[in-house]
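The values are calculated or read from the model by the stated rules, or taken from the named source; none is laboratory data. Just so it is clear, the structure is predicted and the values come from calculations on it, not from any experiment. Cβ placement follows ideal geometry from the backbone for every residue including glycine, while neighbour counts extend to all protein chains displayed. These area figures cover heavy atoms from the full protein model, side chains too; ligands, DNA and RNA do not enter into them. Shrake-Rupley method; radii C 1.70, N 1.55, O 1.52, S 1.80 Å.
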Amino acid sequence: MSLPSISEVPFGNAHGTEVSLFVLENRQGSLLKVTNFGATVTELHVPDRTGKLADVVLGFDDVAGYAKGCPFFGATIGRVANRIGDSKFTLDGKVHQLAANDPPHHLHGGPLGWDKVVWSVDRERTTTQCLALTYVSADGEEGYPGSVTARVDYRLTDDNALDVTMSATCSAPTLVNLAHHSYWNLAGHPADQSALDSVLDHELVLQADEYTPGTPVVPDGRVVPVRGTPFDFTRSKRLGADIERVGPVPNGYDHNFVVRGEPNSFRAVAELYEPKSGRKLVLSANQPGVQLYSGNFLDGTRGKGGVAYTQRTGVCLETQGFPNAVNVPAWAGQVVLRPGQQYEHRMLHQFSAV
């Protein structure tokens, strides 16, 4: 049994700044790799039912792939995850216009969101099992009011859990809604660098009786039961079972679900299972919603080891405040942060094999 450890190696240069890759290993031999560019998880190796380790997240071999623009593989999304309708919002009577980087909507904090900046390492708080990263977002960055000081802690526990805590404070009223954006494929990257399996045979349970439809994927304030629809994952179901009934083009999930229970309590959110390997992911978090995204726009981009990431070879489970919450009066409190308050978002990704 190995001892837990953390090491640092060069990962390239982004925006004129040298970037590092941090490698965490637990007592079971599982590996987590995180770069301070975008506070991004680049690799996570966990065992299957036979004990064989494989990397279960999509990503790139160096920082260049992340810096040139990508589908947010493994990134920390901020200042506001997901979409803001028509790229504008009103806060305390003032209208704020944002970049329409998902026309006509604003997506994942803008063209230079927190996934595209270099975070600082908090050396005092980083340990053999925890990497602590910080970022200060200036007043006016990407059109948002107030400065925000953010922190992300990544922990790899000895029982094969990825524990992620995101926190933030602000200098003036603003919006904060952070998300972790790993694309999961529990079959794992193939050792021979062949094609990655589709995730459509992964089996999913969501602790959600309702979802928030929109026009088509920007929620408009409605909350609709999932029962009898393709959005019903209240019992274990293949991800691909009803995917062709979802729409629009390309068909697939890119929707926010209302997590059952107290909106800010730490509770079960989802279970994802891959039958061939036996790997299972149980996700718990303290946010009101979770975005299910079935990799609809993956386009064959070459990732780690030259593997092509084609459509539906990764699935995201992004716990969050509701998308477009600031423009829905009943939801706005989920994402507005004021001086003296602290935003905190915890996610526990517990891995096992059966």
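Averaged over its residues, region 235-354 has an accessible area of 39 Å² per residue, based on protein heavy atoms and a 1.4 Å probe. At 222 nm, what helix-only mean residue ellipticity would the chain give, in deg cm²/dmol to the nearest 500, using -39500 (n - 2.57) for each DSSP H run of four or more? Counting only the DSSP helices, I get -500 deg cm²/dmol.
A Cβ-based charge dipole, computed about the Cα centre of region 48-104 with Lys and Arg at +1 and Asp and Glu at -1, lands at about 160 debye. Placing unit charges on the Cβ atoms of the charged side chains and taking the dipole of region 161-264 about its Cα centre, the candidate lying farthest along the positive direction among 240, 257, 189 is 257. Over region 131-186, accessible surface divided per residue gives 24 Å², non-protein components excluded, 1.4 Å probe. Identify, among 75, 340, 63, the residue whose Cα sits farthest towards the positive end of the charge dipole of the chain, taking +1 on the Cβ of Lys and Arg and -1 on the Cβ of Asp and Glu, with the dipole about the Cα centre. Positive-end residue among those listed: 340.
For the chain, a Kirkwood radius taken over Cα pairs fed into Stokes-Einstein (37 °C, viscosity 0.692 mPa s) yields D = 162 µm²/s.
Here the chain exposes an accessible surface that is 51 percent carbon and sulfur, computed with a 1.4 Å probe and the other protein chains kept in place. Taking the Cα centre of region 179-266 as reference, the dipole from Cβ charges on Lys and Arg (+1) and Asp and Glu (-1) amounts to some 220 debye. Each Lys and Arg adds +1 at its Cβ and each Asp and Glu adds -1 at its Cβ; summed about the Cα centre, the chain shows a dipole of about 360 debye. Solvent-accessible surface of region 49-113, taken per residue with a 1.4 Å probe and all protein chains present: 40 Å².
From most to least packed by mean Cβ count within 10 Å, the peptides 232-240, 63-71 give 63-71, 232-240. Expressed as a rounded percentage, what relative contact order does region 226-287 have, with Cα pairs under 8 Å and six or more residues apart? Averaging sequence separation for qualifying contacts and normalising by length gives 22 percent for region 226-287.
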